[in-house]
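Okay, structure first, notes after.
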Amino acid sequence: MQSKLIFWVLTAVFGLFILFLYGPMIAIFILSFQGPTGGMTFPLRGVSLHWFADLFASSRYGDLGGAFTRSMILGLLAMIITVTVSFFAGLGFRRKFRGSGVLFYLAIISLVMPGVLTGLGIGTLFTTLGLQTNWLLSGLGAHLTWTLPFGLLIMFAVLNRFNGSWEEAARDAGATRKQVLSQVTLPILFPGLIAVALFGLTLSYDEFPRSLLTVGTKNTLPLQVASLTANVTTPALYAIGTLTTALSLAVIVVAFAAIALTGRKR
Amino acid sequence: MTPNRMSQLSVLPFTAILIIFTGLPLLMVVLLSFWTFDGLEYRPDFTLANFAAVFAAPVTWKIFANTLRYAAITWAITLVVGFTVSFYLVFHVRNLKLQIGLFLLCTIPFWTSTVIRMISWIPFLGREGLFNTGLMQLGLIQQPLEFLLFSDFAVIITYVNLFTLFMIVPIFNAMAKIDRNVIEAALDAGATGFQILRTIIIPLSRTGIALGTIFVLTLVMGDFFVVRVMSGGQSSTVVSAMKNNIDQMYYPQAAAMAVLLIAVVLGMVATILRVVDVRAELAK
Amino acid sequence: MSKVGEIILDKVTRKFGAVAAVNAVDQVIEGGSYCCMIGPSGCGKSTLLRMIAGHETPTSGRILIGGKDVTHVRTGERGTALMFQNYALFPHLNLTDNVAFPLKIHGVGAERRDRAREMLARVQLGHMADRMPSQLSGGQQQRVALARALITNPQVLLLDEPLSALDEFLRLRMRVELKRLQNDLGITFIHVTHTQPEAIALADKVIVMDHGLIEQAAHPREIYDRPHSPYVARFMGGQNVVSARVLTVGDEIQAEGAEGGRFAFAPRAALREGQDIRFAVRRDKIRLDQGQARAENAMPGKVINVEYQGTFVKVELATPQAEEFVAHLPESDFFANPFRFGDEVVARWQPQDVCMLVGTNNSAGDALAH
């Protein structure tokens, strides 16, 4: 009796939490289809694609297309580097080695350092060295300070379920180090690496505080959107939100489909 | 090649990137905090003036207190909500597929833009937002509630919305690893549901709680954007004040404040890591 | 009359959906006895144990412990203690606190640690009281689990495959310790296992289960020597099961095998002519002769395997009946007159060594897997 009651109370709490989590997102999704005369809040005055069209037609929103392209390129680069680098880092961390403790703490610091401060450090480091900050170098580096520690933590989780005797069996069969890596380690860990890729791409694509002082003169999409929040007072802001969220969701769907597909082959 | 060398070689790219983009910049911030600013540009020096100025200003203590207040309130709420949600998913949703599905439902927003999720609250909380119109239509209030938007309330609710999943994921993982037999053994000893929660589940979830705490505290303490937008510029935290300094080129002062903040943040993280051996638990 | 530790199962049923994991089981387990429940996986023995412990509630029926109906009494309050298969030690508590946990739950104050340490000393782990469970070997963990189960002085100790995680050597040693402990404490032990020698060695009463039903419950000698059904005979081992059709009934049953063999034995239940029956003959009661001469109470066969077992020799035959047929020959007899692979032989036995199988459960259990 009592446990039934607890179950239903907890179910209700969970439902409210999901509503709290998604409600606002759904609201701006609906509001982005506001009619041309509509405002930033309910009620809807007609349903239209007006504000989406406005994003592409008007110059009021700055270089949105360029910002999107840069964010996409950064995201893809960060993804490739994060997957490769944290894969090898994860493998290296399976054993204790000289300096492993220090490196682990450096990764933790990288993760917990307030993003703006990381940006401040990278920015002033570049200026001091006489370099210009730009999105492809200092910007990318700043993103990696966020995506790499995450990648490492996921690799820890993935390698937890990885049995070292598989590699031993491969070596036993005469495989070289390279063959062990390409024939055994990599294929077995592949679904985990897709998860790392998902994190690398989306964390970079949505990164905001670290980018602030490191991308130089050209904005990424989140920076552009953040600057628009100050002066755009039309549903166009929501239209941007709907578009980037849809893109993020598409990436998640693709990633999960890939994990499911590679997982099923076994 | 020795195993030691192999491992070091394997982590080399990781090490290099983190040293260049985290280690050196961190060092740079520390150095910068000792440099001078003459009103036009900053240059190398060794002065304690920046720290003196930061310590002397009463506003420093105010914004530190404010930052810690935000962090503490957000932490408490996200902990309770995150623990409850994880507890529900792990111990009350029996169907494993449903459990994983609901867990993913909780984590999907993690992969979407925080900026967008933040501005999503504006149409909800404004004077003519959904809450106010809803409450007025129900006849519960006559006047729109003013404290909803551009207030501490708005800041906290946004933090909770953005950061609760950083609590859920690690706590869920820790709870999912609890051996069901251990809980049955406690039942067998006559423990009530509440006793099991207190003596078994909470202690065995402590790694997750510690990790979630680290995430939530550092995210709140590193934020400036939410507090700037959602408080309508009425409230400031360490990073938002620092951002103002940076905008006015007071880099060394900002750096001094940053060093102070980093010391506080790392101190908290180190304390948590000392109490809970997160790395050893992660490896389980 | 003392009823302490007596367990009465009254039409106990547990359904999962449409499937009855335990189906209307009736049984009385005497207080202070050592009872082993045995059967292949999925036979319902663990579910039954968990119902006695209170981790499952019967769909219908009653469970009485010490004369008291505990069907709906909370686990932990019914005088039972369960020792888990994987021990289920609390990973965040040291040994003392693990063992003291049930006392803590029952509101015992600071003295609980002393009592826990005493109990640990009793299982020879007094010197490790401050260790964490992860620092122990499997055998040590098991003794801690035992100590934790016994700390509340239960009337009934329930053991769920307690020895299955141990290696052969430790298993035999712990078996002795369990038996001695039960003797010392005088409380009821209910021990679930899927290992036949374990059940036979330990129990005062063996309960053989299959598909949610009790197939036979008796002293191990009775179970081993007089199996109730073909299933029990096969599952417990040591028997050959032979199929035949009844020819004549009377003081002695005459029957005929499909391959033409003639069998005679004492009846154990009413039979009619023409009925298909099965009977069991112990492997150690079989004698082998070279050749193909037909005789009563004999079975022709071909030697397909010979294994020397130290005290006896195990000879396996392929017979016209599609069923494993094994003879255990005394070592000296065998080597005086050895058989080889491919030898044509006749296996014979005495009518008094035949045990007619009354029950109809003809499943193979998982006996062949052993």
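The values are calculated or read from the model by the stated rules, or taken from the named source; none is laboratory data. Treat the numbers as computed from the prediction; the structure is a model and nothing was measured. Cβ sites come from the backbone with ideal geometry, for glycine too, and all protein chains shown count toward neighbours. Note: accessible area is taken over every heavy atom of the protein model, side chains too, but ligands, DNA and RNA are not part of it. Shrake-Rupley method; radii C 1.70, N 1.55, O 1.52, S 1.80 Å.
Tell me, what HN-Hα J-couplings in whole Hz come from the Karplus equation 6.51 cos²θ - 1.76 cosθ + 1.60 at θ = phi - 60° for each residue of region B:206-211, using x for Gly and Pro?
After applying 6.51 cos²θ - 1.76 cosθ + 1.60, I find 5, 4, x, 4, 5, 4 Hz.
If we sort B:186-199, A:73-86 on the protection proxy, mean other Cβ atoms within 10 Å, highest first, what's the order? Let's see the in-between values first.
Numbers: B:186-199: 18.6, A:73-86: 21.9.
So the peptides B:186-199, A:73-86, ranked by packing, come out A:73-86, B:186-199.
Mind checking how much accessible area A and B bury in total, 1.4 Å probe, in Å² rounded to 100?
What A and B bury together is about 7600 Å².
Enumerate the amide H contacts of residue A:34 below 5 Å, restricted to partners 5 or more residues apart or on another chain; note that Pro and chain-start residues carry no placed amide H.
Under 5 Å from the amide H of residue A:34 lie the amide H atoms of A:48, each far enough along the sequence or on another chain.
Would you please classify the overall shape of region A:1-148 from the alpha carbon gyration tensor, given that a ≥ b ≥ c denote the square roots of the eigenvalues, rounded means a/c under 1.5, and beyond that prolate means a/b larger than b/c while oblate covers the rest? Walk me through the numbers on the way to the answer.
Values: a/c = 2.87, a/b = 1.24, b/c = 2.32.
Oblate, because a/c is 1.5 or more while a/b does not exceed b/c.
Specify which residue in the list A:236, A:182, A:90 is farthest towards the positive end of the charge dipole of chain A, using unit charges on the beta carbon of Lys, Arg (+1) and Asp, Glu (-1), about the Cα centre.
About the Cα centre, the residue reaching furthest to the positive side is A:182.
Give me the percent of the accessible area of chain A that comes from carbon and sulfur atoms, probe 1.4 Å, all protein chains in place.
Its accessible area is 69 percent carbon and sulfur atoms.
Within region B:140-166, list the residues whose amide N lies under 12 Å from a label point set 7 Å along Cα→Cβ of residue B:244.
Zone members listed by number: none at all.
Would you mind checking region B:132-160 for residues with the amide N under 18 Å from a putative spin-label position 7 Å along Cα→C-beta of residue A:19?
Counting only backbone N, you get B:132-141, B:157-158.
Can you compute 3J(HN,Hα) from phi for each residue in region A:245-261, using the Karplus curve 6.51 cos²θ - 1.76 cosθ + 1.60 with θ = phi - 60°, rounded to whole Hz and x for Gly and Pro?
Ordered by residue, 3J(HN,Hα) equals 5, 4, 5, 4, 5, 4, 4, 4, 4, 4, 4, 5, 4, 5, 5, 5, 5 Hz.
What is the mean number of Cβ atoms from other protein chains located within 10 Å of the Cβ atom of each residue in peptide B:80-89, rounded to a whole number?
Taking all residues of B:80-89 together, the mean is 3.
In percent, how large is the relative contact order of region C:226-356, given Cα pairs closer than 8 Å and 6 or more residues apart?
Relative CO of region C:226-356 lands at 28 percent.
Name the residue, out of A:234, A:145, A:41, whose mean-square fluctuation peaks in a Gaussian network model built on chain A with Cα pairs under 10 Å.
In this elastic network of chain A, the residue with the biggest mean-square fluctuation among A:234, A:145, A:41 is A:41.
Per the 1.4 Å probe, what fraction of the accessible area of chain B, in percent, lies on carbon and sulfur atoms?
69
Stretch residue C:323-residue C:252 to full length: gain in nm at 0.36 nm per residue minus the Cα-Cα span?
23.1 nm
Looking only at other chains, what is the average number of their beta-carbon atoms within 10 angstrom of each beta-carbon in B:176-184? List each step's numbers first, then the result.
Values: counts 0, 1, 3, 7, 1, 9, 8, 2, 8.
Partner-chain Cβ atoms within 10 Å, mean over residues of B:176-184: 4.
Say R0 is 22 Å: what FRET efficiency, to the nearest 0.05, do residue C:127 and residue C:165 get from their beta-carbon distance? Mind showing how you got there, number by number?
Values: r = 23 Å, r/R0 = 1.05.
E(calc), rounded to 0.05, equals 0.45.
Can you find, among B:268, B:29, B:137, the residue sitting farthest towards the positive end of the charge dipole of chain B, where Lys and Arg contribute +1 and Asp and Glu -1 at Cβ?
B:268
What average number of partner chain Cβ atoms lie no more than 10 Å from the Cβ of the residues making up A:99-108?
Going residue by residue through A:99-108 and averaging, the value is 5.
Amide H of residue C:282: which non-local residues (sequence gap of 5 or more, or other chain) have their own amide H closer than 5 Å, using H built in the peptide plane?
Answer set, sorted by chain and number: C:240.
How much FRET efficiency would the formula 1/(1 + (r/R0)^6) give for residue A:73 and residue B:141, where r is the Cβ-Cβ distance and R0 is 51 Å, rounded to 0.05?
With a Förster radius of 51 Å, E is 0.55.
Using the beta-carbon distance between residue C:41 and residue B:176 and R0 = 22 Å, what value does 1/(1 + (r/R0)^6) give for FRET efficiency, to the nearest 0.05?
Once the sixth-power term is evaluated, E becomes 0.30.
Which ³J(HN,Hα) values in Hz, rounded to whole numbers, follow from the phi angles of region C:189-196 under the Karplus curve 6.51 cos²θ - 1.76 cosθ + 1.60, where θ = phi - 60° and Gly and Pro get x?
Rounded to whole hertz, the list is 10, 10, 10, 8, 8, 10, 10, 4.
Could you sort the peptides B:93-100, C:231-238, A:48-55 by per-residue average Cβ neighbour count (10 Å cutoff), highest mean leading? Display every interim value, and only then the final one.
Numbers: B:93-100: 11.8, C:231-238: 24.0, A:48-55: 16.6.
Ranking the peptides B:93-100, C:231-238, A:48-55 by packing returns C:231-238, A:48-55, B:93-100.
Please get the size of the charge dipole for the protein assembly as shown, origin at its Cα centre, with Cβ charges of +1 on Lys and Arg and -1 on Asp and Glu, quoted in debye to the nearest 20.
For this selection, approximately 1340 debye.
Over chain A, with a Gaussian network built from C-alpha contacts below 10 Å, which listed residue (A:103, A:221, A:129) shows the highest mean-square fluctuation?
A:129
Which whole-number value in Å² is the accessible area per residue of chain B, probe 1.4 Å? If you can, show how the numbers build up before the last one.
Numbers: 12140 Å² over 284 residues.
On a per-residue basis, 43 Å².
Over chain C, how many pairs of lysines fall under 29 Å by alpha carbon, counting only those 8 or more apart in sequence or from different chains?
Total qualifying Lys-Lys pairs in chain C comes to 25.
Tell me the label-point distance for the pair residue C:114, residue A:182, using the 7 Å Cα-to-Cβ offset, in nm and rounded to one decimal.
7.1
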